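Where a number appears in this text, it was derived from the coordinates with a stated rule and is not lab data. If you're wondering where the values come from, they're calculated on a predicted model, not measured in any experiment. As a convention, Cβ positions derive from the backbone with ideal geometry for all residues, glycine included, and neighbour counts pool all protein chains shown.
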Amino acid sequence: MTTVSLPKTNKYGFYEIRMESIGGMGANLAGKILSEAVILGMGFNGASFASYGSEKKGTPVKANVRICPGDQEIRINEPVREPHLLVIFHEGVAKNVPVMAGVQDDAVIVINSTKDPDEVRDMLKVAGGTICCIDAIGISMEEKVKLNTVMLGAACKTMDFLDPKYIKNAIEHTIGKKYPKLLAPNLKAFDRGYNELNCKEFKPDGTYSVQPFAITKNVWGYENQATGGTIIEFGNSVQKDMSASREGIIPLFHPDRCTHCGQCETVCPDFCWVFEDGDDGKGGTKSFNKGVEYRYCKGCLRCVEACPVGKGDDTAKAITAEVESEHDVAALSVHHKEWNIQLGDAS
Ligand code: SF4
Ligand code: SF4
């Protein structure tokens, strides 16, 4: 059994971690690796479980980790309400999910962001605690791995009781066994997450308040859904915003290079491209590409592949793949005129 003790615990004796992520980013696996490290490596007891929607990719995911001394039993299976450590895998999750719910003013928040801790504090309205930022997307792109090992490295840095060698062992055991070629880049990504974390502590100064924990209620349920669960409004999602499904890369439209051929529109699975009729200059009409409705874009980048203009030359392409955080997506977004239907009463 370990002689290391937990830095703080709740009234039930647990140190608790909540990971807020998007399906496909590997938060569930990160939680499992973390638990394996503390239980098998360090002799703590622990539990790890995740909750997610029906789609495997693109929907919000929560991974919960509970750690306690090795001789303590775990009889609680509910989601983590007041995490000591909150790990946010993607800034976009905060737009649709109340990630700060239940986070107290002495918690540690690790976020995948190119922003600095002051900017993140204002973005998330953090009452107090320590905010740590890591450019996990940038590192994962450079190392050509998923960003979960970067986030694990960053999270590990904030937990003094946790020896990184045990997490590395668990990564070796989990990823190395299945994908041996990916082991070295994942370990490097872990080290970079650990070493490149930028943290700042904020005293609770009244700027923002702690947001109480609440169970999120769905807009539609058994009492008001349409017959058969049919979605009766096209181009629709509850929030009308799929931005949290993107993994940091967007298609960027260059209208001056576009020939309005419509290939992007044909391959897009979510009708994101906006075409409008206009004068063709020959006395007739023609459909013109106006750009992307980013609210529905999940960042699959099929349109980038399909566009025939400027193949092989990034400076001549009509659509390029760009890092989302470097662009003002709200300002770039073009809206479908006929899609401005608001969510109605589905009963
Ligand atoms: S595929 Fe390329 S050239 Fe064709 S309409 Fe789309 S952006 Fe324009
Ligand atoms: S990346 Fe392109 S094809 Fe994919 S959803 Fe967005 S606009 Fe559509």
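Observations on the model:
- In summary, the lysines within cross-link reach of K177, defined as a Cα separation below 16 angstrom excluding same-chain residues under 8 places away, comprise K32, K168.
- Largest to smallest principal axis extent of the C-alpha atoms in the chain, angstrom: 83, 50, 42
- Put simply, the amide H of E293, placed in the peptide plane, has neighbours under 5 Å in W273, V274, V334, leaving out anything fewer than 5 places away on its chain.
- For segment 69-81, putting each phi into the Karplus relation 6.51 cos²θ - 1.76 cosθ + 1.60 with θ = phi - 60° gives couplings of x, x, 9, 9, 7, 10, 10, 10, 10, 7, x, 5, 8 Hz, in residue order, rounded to whole numbers and with x for Gly and Pro.
- Summed side-chain charge close to E91 - residues other than E91 whose Cβ falls under 12 Å, Lys, Arg +1, Asp, Glu -1: -2
- Under Karplus coefficients 6.51, -1.76 and 1.60, residue-wise ³J(HN,Hα) of segment 273-281 in Hz, glycine/proline x: 7, 9, 10, 9, 6, x, 5, 8, x
- Considering only the chain, percent of DSSP beta bridges that pair antiparallel, nearest 5: 70 percent
- Cα-centre dipole for the chain with unit charges at Cβ (Lys and Arg positive, Asp and Glu negative), debye to 20: 980 debye
- FRET efficiency estimate (nearest 0.05) - Cβ-Cβ, D280 to N195, R0 41 angstrom: 0.10
- The Rg/Rh ratio for segment 15-202 is 0.94, where Rg is the radius of gyration of the alpha carbons and Rh is the Kirkwood radius.
- Taking packing as the residue-averaged number of other Cβ atoms within 10 angstrom, the listed peptides 298-304, 167-173, 15-21 run from highest to lowest as 15-21, 167-173, 298-304.
- Highest to lowest packing among 38-49, 101-112, 310-321, 191-202, scored as the average C-beta count within 10 Å: 101-112, 38-49, 191-202, 310-321
- Highest average first, the peptides 180-188, 150-158, 133-141 ordered by how many other beta carbon atoms sit within 10 Å of their residues are 150-158, 133-141, 180-188.
- Segment 228-339, dipole about Cα centre (Lys/Arg Cβ +1, Asp/Glu Cβ -1), debye to the nearest 20: 200 debye
- Amide H contacts under 5 Å for V110: L86, V87, I88, C132, restricted to partners 5 or more places along the chain or on a different chain, H placed in the peptide plane at 1.01 Å from N.
- For R81, the shell of other residues with beta-carbons less than 14 Å away shows a net charge of 0, using +1 for Lys and Arg and -1 for Asp and Glu.
- Cα lying deepest toward the dipole's positive end in segment 170-230, options Y179, Q211, T230, charges on Cβ: Y179
- Spacing of the two label points (7 Å from each Cα toward its C-beta) at V219 and L40, in nm: 4.3 nm
- Hydrodynamic radius (Kirkwood) for segment 228-339, which is based on Cα pairs only, to one decimal in Å: 14.9 Å
- Theoretical ellipticity at 222 nm over the chain - DSSP helices of four or more residues, -39500 (n - 2.57) apiece, nearest 500: -6000 deg cm²/dmol
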